[in-house]
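Some notes on the structure that comes next.
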Amino acid sequence: MAEGDREGEHTQPFTPEFTGSFTAQGLMDGPAPVPPALHSPQPLVVPGVDQFLNRWRFVLVVTGVWIVAAAAGVGLYYWWYQSLDKTMPVFAVLVYLVSCIVGSLLTAMVQNRPAMSATAIALMSAPFASTAAAAVLYGGYVFGWITR
């Protein structure tokens, strides 16, 4: 006979039996005391490793990534503008955006390297630089600076 087939048999809630080897902490008791070493963690400073990045170095890193991103934006827009079938250029833009985001997230996970943090910020804002460069190319087509 299966357990579910027994008629008239009621189940009782489980109540654990404490043998006294340890005391149970109730919900109304205060939180467990924290050891004094964990109250104020001190930052780990490695000698010879910069903890910050100079402004001019940050600008150089962002400018370098943005120049590459601007070239990619101009190339992708030119390919899209000249293409009769827009499927592949639009897919390439999607792959470019996803690779910028994933590259930025992976680069941001590097710890204690301020230049890598600047690279992560630059990669995350690279689609903006690509769009700005493509907008300049679009303006060149619209205003007649570039002949078709």
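A short reminder: the numbers here are calculations on the coordinates, not readings from a lab. These numbers were taken from a predicted model, which means no experiment stands behind them. Cβ sites come from the backbone with ideal geometry, for glycine too, and all protein chains shown count toward neighbours.
Points to keep in mind about this one:
- Under 14 Å, Cβ to Cβ, from T63 - net charge with Lys/Arg +1 and Asp/Glu -1: +2
- Applying 1/(1 + (r/R0)^6) with R0 = 25 Å to the Cβ-Cβ distance of I146 and L97 gives a FRET efficiency near 0.50.
- Calculated FRET value between V90 and L60, using beta carbons and R₀ = 25 Å, to 0.05: 0.15
- When you filter the chymotrypsin sites (Phe, Trp or Tyr not before Pro) in region 62-148 for DSSP loop state and at most 11 other Cβ atoms inside 10 Å of their Cβ, you are left with F143, W145.
- Global form of region 55-142, assessed from the alpha-carbon gyration tensor, a/c cut-off 1.5: oblate
- Taken along the Cα-to-beta-carbon direction at a fixed 7 Å, the label points for W80 and F52 span 4.0 nm.
- Paramagnetic label zone (point 7 Å from Cα along Cα-to-C-beta, V68; backbone N under 14 Å) in region 115-142: 116-127, 130
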